[in-house]
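The values are calculated or read from the model by the stated rules, or taken from the named source; none is laboratory data. Here the structure is a predicted model, which is why all the values come from computation and not from measurement. Cβ sites come from the backbone with ideal geometry, for glycine too, and all protein chains shown count toward neighbours. Just so you know, the surface numbers come from the protein's heavy atoms only, side chains and all, with ligands and any DNA or RNA stripped out. Shrake-Rupley method; radii C 1.70, N 1.55, O 1.52, S 1.80 Å.
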Amino acid sequence: MNPDILQSTLDNLSHLLIPPSRITLENGVELGVGGYGQVFLAVLGSPDSQTKVAVKQLRIVQALEVRRRVAIVSLLSALGLFTYAYWPNKRLARELQVWAKAKHPNILALLGFYLSDDYLCAQLVSEYMANGNVKEYINKLQPDLATRLRFTNVLVNESLDAVLCDFGLATFIMESGVSSGLTTSKSPKGSTRYMSPELLDDEAKHTLESDVWAWACTTFEVLTNSEPFPEAKADRAIIMALVFGRTPGSVDLLDSLVSSSHTTCHLTLDCLKSIIPGCWIMDSAKRPSSSEISDRLIFPDEIKTSDIATASSHLSATEDRQTEPYLPPDTDSPTHGNVKRDRKGTAELEGRLARGKNASIETEGVRMQKGYGEGAILMKGHQSPVRICQWNPLKREVLATSSVNGEIRLWNVPVPPAPLLDPVPLKHHRESAYDCYFYAMEWDCTGAWLTTGCNHGVLRVWSAKGALQSYLDFHASGIYSIMWSPSALFLLSASADGAVVVWDMKTRKREKIYQVFRFHSDSVFDALWFDDETLISCGVDGQIHICRLHKKTPLRTFTDHEEAVLFLRLSKDKTLLASSSYDLTIRVWNMDAVEAAGPAQSPTGQTDPAQKWVLRGHTEAPTSLGWCPSLDPAMQYLLVSTSYHNTSRIWDARNGSCIKELLDHRDGVWTHAFSPRGRYLATGSHDGRVLIYSATGTLLFEWDCQSGRIIYIQWQSAGDQLAACLKNGGVAILDTKKMGLGDYVAS
């Protein structure tokens with residue numbers, strides 16, 4: 001960047017500069033503060049004509065030349081006068097011009113700028129919004145309301161219109177490649193709580209569809225005083241929720257508002273209740289446009305939240321969005337390699353990936369196959385990402401799959417894979433498919449009944465041929481986990497409403513609820529049976545409860561985890577329980593100590609005597625957890641955990657050691673599956689590959705789907721086929737018997 005050219009440009013813009021003499025700051029009146037600076041109330045103009053304005057003072061604390069460059073570029077670009085020739089990063093320059101180009105009544109207007117000679121003071125002058133931001137305005141209307149609203153970039157003007165501000169300054173600076181001294185806690189794509197799932201992709205850009213998702217989050221938060229994903233305490237929890245197809249909130253919270261509002265507001269709130277779920281559809285192409293939202297809404301004079309959507313869409317349309325990727329970090333950066341797109345596998349693996357385009361490759365003892373053909377077929381039918389699959393335990397050719405848009409299909413998968421019969425779509429009742437999606441799915445041990453749990457808190461029981469048998473609607477929120485008891489006499493369901501319900505499945509009727517456990521203070525993430533009378537649950541509160549039927553209090557409660565507990569798994573002999581948590585630990589518990597004499601819960605600050613090991617090593621939250629099902633007494637104490645980072649770990653629960661760290665994936669590892677007898681371990685990743693290892697971690701086989709990400713995998717009970725759920729809506733079937741992996745069970 002040529003300093004003389006920049007200074008010459010500034011000299012030619014003197015008529016747009018606002019000298020300090022025309023700005024008088026109101027003493028002590030600070031309108032806001034953030035990572036990029038402070039906003040003060042000021043008066044602009046002469047003694048005869050004065051206007052209240054807001055002045056944002058940017059904090060630029062680096063050396064003089066860096067201050068000079070950041071300040072001038074920020075100011076000129078905000079005014080739309082910065083040309084690409086002055087800056088090598090054209091994306092930064094292009095996006096910084098958006099504010100000046102976007103002329104809209106719901107976008108905060110920029111009035112001018114000032115830049116001090118030493119570049120320590122860079123000021124942006126804009127209109128003053130007397131009502132402040134939405135949070136401040138609501139507090140004025142209801143001072144007794146303990147609002148939890150966090151966003152501050154939605155202002156309210158004197159006409160009670162919503163006005164957007166500060167849209168993307170973080171992105172502009174962070175992507176400029178300049179260490180400016182400005183700090184922020186937000187990612188370049190904005191606050192994670194308001195991000196749509198497609199923005200999790202490394203190279204994804206904001207679109208009209210992602211704006212609609214964020215608008216629904218904002219509107220929902222304003223109306224309910226509940227932030228998106230209220231149960232999530234950290235960004236990684238939100239990312240996990242998005243990956244598993246969970247929505248930012250429950251529209252049932254609007255019910256109380258609808259019942260207590262007057263007629264006009266009632267109509268508007270009723271409309272919003274029907275609109276918001278559509279804005280949170282995982283498939284972005286199926287979300288309504290902002291114009292469709294506006295057409296459907298009924299506007300009372302005092303409610304204008306849809307103006308936010310109009311302005312947001314105007315911003316997206318104003319930008320000249322292109323497909324160039326985000327620039328990778330410098331290789332000298334201390335964080336190089338932590339960005340998902342830069343993660344690499346071993347040198348040997350990278351060499352194999354560089355060779356060949358398809359067919360099988362055999363190199364260094366590891367066989368590799370890309371795409372479909374010999375030993376791999378693709379089943380098509382779902383219209384959105386497939387997140388769960390379950391093989392029937394007895395009818396080995398039957399596979400159930402569920403996608404994020406609420407589709408459930410039953411497939412007939414011949415052995416070996418051959419032309420498929422058309423899948424049976426399971427028809428929904430009472431909810432439309434787009435508004436209903438399934439978190440959990442499981443067959444009973446006889447293979448006669450398939451149970452699904454959805455975001456509406458409804459359990460459905462289907463026959464093996466796809467006929468709906470029961471509709472169980474007790475829960476008030478989404479069902480995260482379901483499990484049949486060993487005898488198939490009972491079914492448990494764990495929900496975001498904090499309840500664990502045991503159902504008497506001899507009749508499969510709603511009135512036959514056997515027992516309800518409400519020991520958790522928040523959402524229950526996982527629950528399982530120890531035997532036909534004892535169950536174990538975990539959740540957001542970080543506690544693990546061991547409960548028994550007919551008992552009104554837990555037998556034991558483990559409280560050693562510091563954050564939400566995600567998964568519970570029992571070893572094959574049921575002597576050990578493993579739990580994984582957002583605190584990045586995996587803990588192993590001695591189940592023989594559960595009923596030993598002593599308190600039901602260890603005193604605060606003391607380690608529970610049942611805790612056998614605390615396993616540490618993951619740098620991101622575990623995404624799956626499981627024990628080896630081998631009959632070998634030594635092998636069945638092998639425990640596998642996968643992580644949002646590109647790693648999996650194999651632990652030996654006998655001594656608490658990590659015997660192998662698997663680094664062959666290049667992106668987050670979301671799922672794993674052992675073969676039925678525990679000889680092989682398969683892992684699936686967002687890099688689009690399934691890797692098959694020996695149980696102790698020797699890589700044997702690689703399969704690349706070449707068209708999307710792997711979300712979930714499961715080995716057939718016979719051991720000769722592996723199903724993989726794909727983000728592109730496909731279901732892949734790998735013939736592991738044909739691959740020579742040798743763990744199949746004869747029929």
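Table for the structure above
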item: Those residues of the range 112-129 which are at pLDDT 75 or above and open to solvent by 40 Å² or more (accessible area, probe 1.4 Å), in sequence order; result: E127, Y128
item: Neighbours by Cβ (under 7 Å, 6+ apart or cross-chain): first from the range 361-375, of a type in the set (S, T, Y); second surrounded by 13 or more Cβ atoms within 10 Å (Cβ to Cβ) and at pLDDT below 75; result: T363/R352
item: Verdict on G697 being at positive phi and either open to solvent by less than 50 Å² (accessible area, probe 1.4 Å) or not hydrophobic (A, V, I, L, M, F, W, C) (or both); result: yes
item: Subset tally (residues that are buried (at least 22 other Cβ atoms within 10 Å of the Cβ), touching a Leu at 6+ places or on another chain (Cβ under 8 Å) and more than 23 Å from I711 (Cβ to Cβ)) for the range 616-648; result: 0
item: Search result, residues across the range 465-485 that are assigned to a loop (DSSP other than H, G, I, E, B), surrounded by fewer than 20 Cβ atoms within 10 Å (Cβ to Cβ) and either on the phi > 0 side of the Ramachandran plot or at pLDDT 90 or above (or both); result: G466, F474
item: Residues located in the range 673-695, provided they are farther than 17 Å from K737 by Cα and either among the polar types (S, T, N, Q) or part of a strand (DSSP E or B) (or both); result: T683, G684, S685, R689
item: Total residues in the range 488-545, condition surrounded by fewer than 15 Cβ atoms within 10 Å (Cβ to Cβ), β-branched (V, I, T) and at pLDDT 90 or above; result: 2
item: Matching residues, the range 655-667, being in a loop (DSSP other than H, G, I, E, B) and within 17 Å of T585 (Cα to Cα); result: N655, G656
item: Qualifying positions in the range 374-389 - within 23 Å of G740 (Cα to Cα), modelled with pLDDT of 85 or more and out of contact with any Pro (no Cβ under 9 Å at 6 or more places or on another chain); result: L378
item: Condition met for A723 (of a type in the set (A, V, I, L, M) and either free of Cβ contacts under 8 Å to residues at least 24 places away in the same chain or in contact with a Gly (Cβ under 8 Å, 6 or more places away or on another chain) (or both)); result: no
item: Restricting the range 392-434 to residues that are charged (D, E, K, R) and at pLDDT 55 or above, the residue that is surrounded by the fewest Cβ atoms within 10 Å (Cβ to Cβ); result: D422
item: The range 649-675 - residue that is over 24 Å from S707 (Cα atoms) and out of contact with any strand residue (DSSP E or B) (no Cβ under 6 Å at 6 or more places or on another chain) and, of those, least open to solvent (accessible area, probe 1.4 Å); result: S657
item: Residue list for the range 547-570, filter: more than 16 Å from A237 (Cα to Cα) and either open to solvent by 40 Å² or more (accessible area, probe 1.4 Å) or more than 29 Å from the chain's Cα centre (by Cα) (or both); result: C547, R548, L549, H550, K551, K552, T553, P554, L555, R556, T559, R569
item: Check on S523, touching a residue at least 60 places away in the same chain (Cβ under 8 Å), in contact with a strand residue (DSSP E or B) (Cβ under 7 Å, 6 or more places away or on another chain) and within 29 Å of T604 (Cβ to Cβ); result: yes
item: Test: E702 is farther than 20 Å from F244 by Cβ, open to solvent by 10 Å² or more (accessible area, probe 1.4 Å) and either of a type in the set (K, R) or not in a loop (DSSP other than H, G, I, E, B) (or both); result: no
item: Unmet criterion (only one of (1) within 30 Å of the chain's Cα centre (by Cα); (2) modelled with pLDDT of 90 or more) for C445; result: (1)
item: From the options W670, W651, residue that is at pLDDT 95 or above and either within 29 Å of the chain's Cα centre (by Cα) or assigned to a loop (DSSP other than H, G, I, E, B) (or both); result: W651
item: Close pairs (7 angstrom Cβ cut-off, 6 or more residues apart or separate chains): of a type in the set (K, R) and surrounded by fewer than 16 Cβ atoms within 10 Å (Cβ to Cβ) in the range 573-596, modelled with pLDDT of 90 or more and assigned to a loop (DSSP other than H, G, I, E, B) anywhere; result: K574/F530
item: Scan of the range 676-690 for residues that are open to solvent by less than 20 Å² (accessible area, probe 1.4 Å), among the hydroxyl-bearing types (S, T, Y) and out of contact with any Gly (no Cβ under 8 Å at 6 or more places or on another chain), ordered by number; result: T683
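To keep it simple, each residue is scored yes or no on (1) within 15 Å of G539 (Cα to Cα); (2) among the hydroxyl-bearing types (S, T, Y); (3) at pLDDT below 90.
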| residue | (1), (2), (3) |
| --- | --- |
| V565 | yes, no, no |
| L570 | no, no, no |
| T575 | no, yes, no |
| D583 | yes, no, no |
| V594 | no, no, yes |
| E620 | no, no, yes |
| G626 | no, no, no |
| S630 | no, yes, no |
| P633 | no, no, yes |
